[in-house]
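A.B. asks: Got a structure for you, written out below as structure tokens; questions coming shortly.
The values are calculated or read from the model by the stated rules, or taken from the named source; none is laboratory data. Model, not experiment: these values are computed from the prediction. Cβ: placed from backbone, ideal geometry, glycine included. Neighbour counts: every protein chain shown. What goes into the accessible areas is simple: the full protein's heavy atoms, side chains included, and nothing from ligands, DNA or RNA. Shrake-Rupley method; radii C 1.70, N 1.55, O 1.52, S 1.80 Å.
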Amino acid sequence: MQIKTKYLDRRGWSRILARRDAYCEWTTGDMAGMAGLIRMDSVAAPLSKTVSGIPVRLVDNGYSWMQIAPENEHWWLTVMLDDREEIVQYYFDVTLKNVICGRDSYFHDLFLDVAVLPGQEFELLDRNELDEALSEGIITQEEYGLALETAERLMRELPQHWKELREFCMKTYHTLIYNL
């Protein structure tokens, strides 16, 4: 087990056979960063997961993944959209560090994740991986606390900003889809 680095362009994702990408900078309020959109024209196989007890298709032909990479935050948002351009899931990776450098932006994953369905069903994911990373000395006690605090803050604050999040995501999506 080790801290993984994940990229905005999702390089090396073999499940996707044919894709189109678009990238843009964004600013809203006191936050800024990069956004990237991957439109999956053809995939090797669909991918579904169960979130909060609900089966959700996350990858299929015609689906899109939009990533919102903020500067100076400890999270990275992936918004999954179906072939009708409907959001099926918001997925927050808790991060140790986000590095914003255009299409090559990346983050260092801190193991813990928060999945949110459009109806605001939250699920905290991979707590066991976070605990294991601490016990194996891969992360420090301070990094462990940062991960928990970030996830708890997301789950506490998101319900108060649900409408703004959706509007921002759809505005960014339409900017990116126009540039495909």
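A.B. asks: Just one of the numbered conditions (1) surrounded by fewer than 21 Cβ atoms within 10 Å (Cβ to Cβ); (2) in contact (Cβ under 8 Å) with a residue 24 or more places away in the chain; (3) of a type in the set (A, V, I, L, M) is not true of residue 99; which one?
C.D. replies: All conditions are met except number (2).
A.B. asks: Same structure, new question: For the subset of region 27-46 comprising residues that are under 16 Å from residue 103 (Cβ atoms), of a type outside the set (Gly, Ala, Ser) and out of contact with any Pro (no Cβ under 9 Å at 6 or more places or on another chain), which member is surrounded by the most Cβ atoms within 10 Å (Cβ to Cβ)?
C.D. replies: So the residue we want is 37.
A.B. asks: Still on this structure: Please enumerate the residues belonging to region 64-122 that are outside any strand (DSSP E or B), within 18 Å of residue 158 (Cβ to Cβ) and charged (D, E, K, R).
C.D. replies: Of everything in region 64-122, those that are outside any strand (DSSP E or B), within 18 Å of residue 158 (Cβ to Cβ) and charged (D, E, K, R) turn out to be 73, 121.
A.B. asks: Of the residues that sit in region 133-180 and are modelled with pLDDT of 95 or more and aromatic (Phe, Trp, Tyr), which one is least open to solvent (accessible area, probe 1.4 Å)?
C.D. replies: Among residues in region 133-180 that are modelled with pLDDT of 95 or more and aromatic (Phe, Trp, Tyr), the one least open to solvent (accessible area, probe 1.4 Å) is 173.
A.B. asks: Can you run down the residue pairs with Cβ atoms below 6 Å, 6 or more apart or on separate chains, where the first is in region 104-125 and surrounded by 16 or more Cβ atoms within 10 Å (Cβ to Cβ) and the partner is acidic (Asp, Glu)?
C.D. replies: Partner pairs satisfying both residue conditions: 109/93; 111/126; 111/129; 112/126; 113/93; 113/126; 115/123; 125/113.
A.B. asks: I would also like to ask the following. Any idea how many residues of region 4-63 are farther than 16 Å from residue 106 by Cβ, polar (S, T, N, Q) and assigned to a strand (DSSP E or B)?
C.D. replies: Matching residues across region 4-63 total 5.
A.B. asks: OK, next. Does region 162-170 contain at least one residue that is farther than 24 Å from residue 80 by Cα and free of Cβ contacts under 8 Å to residues at least 24 places away in the same chain?
C.D. replies: So in region 162-170, the residues farther than 24 Å from residue 80 by Cα come out as none.
Within region 162-170 (the criterion being farther than 24 Å from residue 80 by Cα and free of Cβ contacts under 8 Å to residues at least 24 places away in the same chain), the answer is no, since none of the residues qualifies.
A.B. asks: Go through (1) within 14 Å of the chain's Cα centre (by Cα); (2) at pLDDT 95 or above; (3) within 21 Å of residue 40 (Cα to Cα) one by one and return the number of the condition residue 73 breaks.
C.D. replies: Tallying (1) within 14 Å of the chain's Cα centre (by Cα); (2) at pLDDT 95 or above; (3) within 21 Å of residue 40 (Cα to Cα), residue 73 fails exactly one: (3).
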